[in-house]
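Participant: I'd like to ask you about the structure that follows.
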Amino acid sequence: MRRLTSVACLLALAALALLGGCGEPQFSDAEKKTIASLALNTLPSLKADTTNQYADMPAAAALGSTLFFDAGMSRDGTVSCSTCHKIERQFQDDLPQAVGVGHTNRRTMPLAGVARNPWFFWDGRRDSLWAQALTPLENPLEQAGNRAAFAHYMQKRFGERYERIFGPLPDLSNVPANASPLGSDAEKAAWNSMSAAQQDDVNLVYANIGKAIAAFERSIEPQQTRFDRFAIDLATGAKPEADAAFSAEEILGLKLFIGKANCVTCHNGPRFTDNAFHNTGVPPVDELPLDRGRVDAVTQVQADPFNCLGKFRDGDESACRELRFMVKDGPQIARAYKTPSLRGAADRPPYMHAGQFETLDEVVAHYSKAPLAVEGVSEVHPLDLSERERAALVAFLRTLSD
Amino acid sequence: MASIWRYILAGLGLAVLLVGIVAAVYLMLPQPTPGPDISRSKSTANRLFEASFEPERGVIRQGELQSWLLTLKTAAGAPVEGAAITVSGGMPQHDHGLPTSPQATDYLGDGRYRIDGIKFTMSGWWQLRFGISAAAGSDSVVFNIVL
C-alpha cells in the first residue's frame, strides 16, 4: 500500500511538472517584442532638420537657450518660453491651461524629445520646431509681442551674437517699433505701411529667432526610466534586479497596456506616441472657447508663412512631406488631438489638452468608460476594466517616471 | 498478484487523467485565426488590371512616411500608362481612416506609379484602396497590410 501511495505521488508530481511547463510564461514572444519596441534604447538618433540650417550649430543653440529664458522676449518683459516650459518641471507648468500674459485654452506640453515631433501643439497647427517657437511670441495670451519689436530687440540686445550666426542684420532704422500682420489694429496698420522688402527683412530675423530656439530645444531628450531598465533585462534574458524588477501589479499593468486595454495602439514606440491625431472623446471645458482640435489647425498650418512650404525654410521641399500629405478634411479630424508621450506623465498632472483630468486614475477611468465625443466620433471603445486593472495600469505608468 | 494489478490499474488511471488534463490545456490555448489576404499582387475587382503593391525601399517602417510602388498591367500583361489613381484606406478594426493622405506622385514607366505619403502609425490590419482609371476602364483594388 505504501508503494502504491509513493507511485501515485510520483505520477502526480510528474503531472504537475508537465502542467507547469504548459502554463503561461510571464510574457509571450509577441508581448516581449512589443515591450522591446517601447524601450528607450530603440529611440533612433535625432535626425537632421534640413529646414533649419542652424539646428545643430552650438552657437545657435546657445543663443536659443538665452532667448528661451529671457523674459525680455515678451510685450511687457514678464513672460519667456520658460514661464510655461519650466526647466525643473519637465518643461511644463502643472497648470490645466497655460498662463502667459493672459489665460490660454490649452495645457502646456512638456519638451522631452520635442524635436522628434512631425507636428507641434496639441492640434499640430505648426509643422516645425522653429515655426512652433514663433507662435507664442506673438500670441496675445502668451508672450504677446510683435515681430518688428522682436527684430529691434535682437539688434539692441544680441546684435553681435545674432550676426555671428546668421550674418548681417538688415537695416531696421525705418522699421516701426511695433508691427505685425497678427497684432493689434495699430500693429497691423504699421505692418501694412512697411514695404515688402522691409516685411521680408523682419520676417527673416523673426524666423532666425525661432531657428535658434529650436536649436536649443533639440537638446531636450527623454531620460531612461525603471521601465526601460526592466525592458532591457527582459530582452536580454537577465533577471531584473533592484528597482528594475516589476511588482506583480506593474506586470499586470504592462500586460494590460500592451494587450486588453489597447493603450499601445496609439502610445507606441520608444516615446509612447504615434505622433498622430485622435478623437478620444475627451470632454470640453465649459468656460473655454470652442475647441475643434485638428480641424482648425489644418487651416492654420497651411496659412502659416513660416511653414515648410514657405520661403523661410532652408534646404529643399523634400522635407515637407508631412505637410504635403496631411489629412485636410473628413470626420476623423474633428476634436482630434495629438497623442502625448507618456514618459514622465505620472509626475505632471493635470492631463489632456485642457487639463481636464486631475489624476491618472481619472484618465484611465475615461478610457475604460469611453464616453461619446461631443463632436466627431471617438476612436475609443469601452473596456470595462476592473478597479484592480485600472490601478495596475496606473502603477505601470508610474514606472515611466521613476 | 492482486496487488500488482492494483498498481497497474492505478497507474493507468493516473495516466488517463494526465492525458485528459494535457488535452484540455491544449484545447484551451488560443487558436490562430486566419488573417486577411495579404498578397502583394492581385487582380482588380473587375479583373481589368493586374496590380501589385510594394514598399519602394523594400521594408515597411512603422511611424515613418514612406513611398510605395503600385504596378499596373492589363490582363494581357501590358503596362498600364496614364492611369488616374485615387488612394484611400484605413484600419477596419479601428473604424478610422489613414493618418495621412497618400497620393500617386510620379509615373516611373513600365506601369509603375509612386504612391507617396503612406504612414502606418500603429501595428495591426491596414487597408489601402486604389481607384484606377485608364484607357481600359475604371476599376479598384484593396491591399491588406498587417503590421
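Participant: I'd like to check which helices (runs of 4 or more DSSP H) are fully inside the stretch A:312-402 and have at least 2 residues that are within 20 Å of the chain's Cα centre (by Cα) and over 30 Å from A:Trp130 (Cα atoms).
Facilitator: Filter on the stretch A:312-402 gives A:360-369, A:387-398.
Each row is one residue, and each column tells you yes or no for (1) over 29 Å from A:Gly269 (Cβ atoms); (2) hydroxyl-bearing (Ser, Thr, Tyr); (3) crowded, with 23+ Cβ neighbours inside 10 Å.
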{"position": "A:Thr51", "(1), (2), (3)": "no, yes, yes"}
{"position": "A:Gly64", "(1), (2), (3)": "no, no, yes"}
{"position": "A:Ser80", "(1), (2), (3)": "yes, yes, no"}
{"position": "A:Arg107", "(1), (2), (3)": "no, no, yes"}
{"position": "A:Pro118", "(1), (2), (3)": "no, no, no"}
{"position": "A:Asp127", "(1), (2), (3)": "no, no, yes"}
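Participant: On the basis of being in contact (Cβ under 8 Å) with a residue 40 or more places away in the chain and either of a type outside the set (Phe, Trp, Tyr) or crowded, with 20+ Cβ neighbours inside 10 Å (or both), does A:Ala303 make the cut?
Facilitator: No: the conditions fail for A:Ala303.
Participant: Still on this structure: Looking at (1) under 20 Å from B:His96 (Cα atoms); (2) surrounded by 15 or more Cβ atoms within 10 Å (Cβ to Cβ), which is the one condition that is false for A:Lys260?
Facilitator: Exception for A:Lys260: condition (2).
Participant: Next up: Of A:Gln132, A:Gln143, A:Gln90, which residue is touching a residue at least 60 places away in the same chain (Cβ under 8 Å), farther than 29 Å from B:Thr121 by Cβ and crowded, with 20+ Cβ neighbours inside 10 Å?
Facilitator: Only one candidate passes the filter, namely A:Gln143.
Participant: Which count do you get for residues in the stretch B:55-76 that are touching a Lys or Arg at 6+ places or on another chain (Cβ under 6 Å) and either more than 14 Å from chain A (Cβ to nearest Cβ) or without any contact (Cβ under 8 Å) to a residue 24 or more places away in the chain (or both)?
Facilitator: 2
Participant: Please go through the stretch A:179-193 and pick out each residue that is crowded, with 18+ Cβ neighbours inside 10 Å and of a type outside the set (Ser, Thr, Tyr).
Facilitator: A:Ala179, A:Gly183, A:Glu187, A:Ala190, A:Trp191
Quick grid of which residues meet (1) buried (at least 17 other Cβ atoms within 10 Å of the Cβ); (2) within 14 Å of chain B (Cβ to nearest Cβ); (3) aromatic (Phe, Trp, Tyr):
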residue: A:Leu323; (1), (2), (3): yes, yes, no
residue: A:Asp347; (1), (2), (3): no, no, no
residue: A:Tyr351; (1), (2), (3): yes, no, yes
residue: A:Gly355; (1), (2), (3): yes, no, no
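Participant: What are the residues in the stretch B:116-127 that are closer than 21 Å to A:Asn268 by Cβ and either of a type outside the set (A, V, I, L, M, F, W, C) or away from chain A (no Cβ under 13 Å) (or both), if any?
Facilitator: B:Gly117, B:Lys119, B:Thr121, B:Ser123, B:Gly124, B:Gln127, listed by residue number.
Participant: Out of the residues in the stretch B:99-118 meeting the condition of being touching a residue at least 24 places away in the same chain (Cβ under 8 Å) and over 20 Å from B:Ser41 (Cα atoms), tell me which one is surrounded by the most Cβ atoms within 10 Å (Cβ to Cβ).
Facilitator: Taking the candidates together, the pick is B:Thr100.
Participant: Determine which single condition A:Asn268 fails, assuming it passes every other condition in (1) without any contact (Cβ under 8 Å) to a residue 60 or more places away in the chain; (2) within 13 Å of chain B (Cβ to nearest Cβ).
Facilitator: (1)
Participant: Among the residues of the stretch B:97-115, is any part of a strand (DSSP E or B), under 17 Å from the mean Cα position of the chain (by Cα), within 12 Å of chain A (Cβ to nearest Cβ) and of a type outside the set (A, V, I, L, M, F, W, C)?
Facilitator: Within the stretch B:97-115, one or more residues are part of a strand (DSSP E or B), under 17 Å from the mean Cα position of the chain (by Cα), within 12 Å of chain A (Cβ to nearest Cβ) and of a type outside the set (A, V, I, L, M, F, W, C).
Participant: Follow-up question, since we're still on this one. Can you say whether A:Pro44 is under 27 Å from A:His267 (Cα atoms), at pLDDT below 95 and within 14 Å of chain B (Cβ to nearest Cβ), as far as the supplied structure shows?
Facilitator: no
Participant: When the residues of the stretch B:130-147 are filtered to those that are surrounded by 15 or more Cβ atoms within 10 Å (Cβ to Cβ) and not small (Gly, Ala, Ser), which remaining residue is nearest to B:Phe53 (Cα to Cα)?
Facilitator: It comes out as B:Phe143.
Participant: While we're on this one: Which of the residues belonging to the stretch A:219-244 are crowded, with 20+ Cβ neighbours inside 10 Å and under 30 Å from A:Arg161 (Cα atoms)?
Facilitator: A:Pro222
Participant: Is there any pair linking a residue in the stretch A:363-378 that is farther than 12 Å from A:Pro283 by Cβ to one that is of a type in the set (Lys, Arg), with Cβ under 7 Å and at least six apart or on different chains, and which?
Facilitator: A:Val364/A:Arg390; A:Ala365/A:Arg390; A:Ser368/A:Arg390; A:Gly376/A:Arg335
The values are calculated or read from the model by the stated rules, or taken from the named source; none is laboratory data. In this text, all values refer to a predicted model and were calculated from it rather than measured experimentally. Backbone-built Cβ (ideal geometry, glycine too); neighbour counts: all protein chains shown.
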